[in-house]
1. Quick check: anything in segment 157-172 without any contact (Cβ under 8 Å) to a residue 12 or more places away in the chain and under 22 Å from Thr329 (Cβ atoms)?
2. Over 27 Å from Phe338 (Cα atoms), hydroxyl-bearing (Ser, Thr, Tyr) and at pLDDT below 90 - does that describe any residue in segment 104-112?
3. Working only within segment 124-134, note down all residues that are out of contact with any strand residue (DSSP E or B) (no Cβ under 6 Å at 6 or more places or on another chain) and open to solvent by 10 Å² or more (accessible area, probe 1.4 Å).
4. Tally the residues that are of a type in the set (D, E, K, R) and either in contact with a Leu (Cβ under 9 Å, 6 or more places away or on another chain) or part of a strand (DSSP E or B) (or both), restricting the search to segment 133-182.
5. Can you report the number of residues in segment 53-79 which are of a type in the set (Asp, Glu) and open to solvent by 50 Å² or more (accessible area, probe 1.4 Å)?
6. Just to be sure before I move on: is Pro314 open to solvent by 20 Å² or more (accessible area, probe 1.4 Å), modelled with pLDDT of 90 or more and outside any helix (DSSP H, G or I) in the structure I sent?
7. With respect to Tyr25, is the statement that it is assigned to a helix (DSSP H, G or I), at pLDDT 70 or above and surrounded by 14 or more Cβ atoms within 10 Å (Cβ to Cβ) true?
8. Looking only at segment 182-201, which residues are open to solvent by 10 Å² or more (accessible area, probe 1.4 Å) and without any contact (Cβ under 8 Å) to a residue 24 or more places away in the chain?
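The values are calculated or read from the model by the stated rules, or taken from the named source; none is laboratory data. All values derive from a computational prediction rather than experimental measurement. Don't worry about glycine lacking a Cβ; one is built from the backbone with ideal geometry, like all the others, and counts go over all protein chains shown. Note: areas computed on protein heavy atoms with side chains; ligands, DNA, RNA excluded. Shrake-Rupley method; radii C 1.70, N 1.55, O 1.52, S 1.80 Å.
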Amino acid sequence: MNAPIDTLGLVPRKDTLTGLVSSWYRDGKITRCDDSVAPIMVEKLRYTYAQVYEIKYRNLKAANGEVLGFDTSPDPADDSYRYEVLDYAGYADWIGDDGTVMGEGSMQLTPHLGFMHEIGHKFSFTVFDLERAAKDGRQLPSVRQRVAKRAHDEKHNWTWLFGDPDKQLHGLFTHPNIQIVQAPVASSAVHSDNRDRLIENKTVDEILADVASMVDLVPETTNEELMVRKIMMPRVDVSVLKHRRVGAGDGTLTIWQLIQSMYPDVEFMVLPECDATKRINPKTGVNDSSVAGRCWIAVPDAPVDECGFVLTRPFTQRAPQEQDLKISTITHSKIGGFKCVVPLGVVRLDFIAIDDDTAAP
């Protein structure tokens with residue numbers, strides 16, 4: 001998504017746009033433009049696109065592939081993809097007279113069909129916008145392109161993390177194959193609610209135990225097939241880890257420095273949506289993620305075809321269409337949902353949210 005714009009085909013070819021604008025002039029749809037001006041207008045349009053669509057919004061980590069890589073294995077023409085879902089309920093076993101469990105195990109995998117959907121955002125420039133930009137020697141206003149780019153990325157980001165139940169899309173936080181674990185309560189619990197699960201109310205040893213459970217649970221439940229690759233957490237928890245010291249005095253390590261040295265193969269990173277206050281659906285404007293409170297997410301080193309988000313093509317832009325003297329642009333991608341073929345490969349450690357009613361001890 002950060003490659004030069006021409007290599008991704010984000011805008012039509014230069015000669016395509018030049019021919020489009022020139023044909024408008026010849027057909028009498030443009031009175032203040034000729035063939036010599038058309039290439040200049042086209043370059044202004046292309047330059048503005050390039051300035052906008054190569055932007056990478058740092059807070060949209062999932063949309064930019066920083067959480068896990070995109071799986072581009074499905075063909076763009078596919079309407080669905082297949083993977084397996086773990087059946088936790090399973091079925092009961094027979095027990096022999098000697099107390100030995102007979103028969104099969106209590107968990108099984110069932111085939112699952114994931115569906116593909118296109119998403120996009122449309123904006124337009126009129127030919128008069130192009131004329132004014134050419135006359136004044138300036139670039140086209142980039143507000144519309146920025147809005148399209150941001151809306152597109154936010155849609156990707158939200159779907160990547162929380163899915164879309166109406167379209168049968170699973171997200172990283174909500175996939176049925178991931179492990180969901182409740183953080184333990186601090187040994188010195190003094191509140192009537194669950195605030196003592198938060199790391200700011202725990203000792204250093206208890207915080208380290210929470211980190212260890214995230215790192216160890218994946219290999220334990222996958223028979224050492226998978227190891228943790230990244231642990232994502234809210235910024236407020238990262239701040240606690242970076243400021244809380246392991247021992248007394250300024251010369252001791254912080255918890256953040258200690259866990260970095262203990263787990264050099266694990267990347268610890270901030271994911272805003274791990275905090276309930278950052279889980280705002282861009283469409284509804286509220287937190288309707290069905291995930292409560294703060295949490296941490298651990299993802300494995302599994303390849304994207306076993307544990308990843310299905311995206312059949314990168315962020316692209318359809319060619320402008322001639323319509324009422326407008327150049328209309330539709331940003332679009334074809335996306336599926338998060339898939340976890342290897343069960344128990346992702347762990348979500350749930351804490352709680354603190355609101356105004358429970359903030360005071």
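1. no
2. No, that holds for no residue.
3. Phe128, Asp129, Glu131, Arg132, Ala134, listed by residue number.
4. Of the residues in that region, 4 qualify.
5. Residues flagged as of a type in the set (Asp, Glu) and open to solvent by 50 Å² or more (accessible area, probe 1.4 Å) within segment 53-79 amount to 4.
6. Considered against the rule, which asks whether it is open to solvent by 20 Å² or more (accessible area, probe 1.4 Å), modelled with pLDDT of 90 or more and outside any helix (DSSP H, G or I), Pro314 comes out as no.
7. So Tyr25 passes the test.
8. Within segment 182-201, Val185, Ser187, Ser188, Ala189, Ser192, Asn201 qualify.
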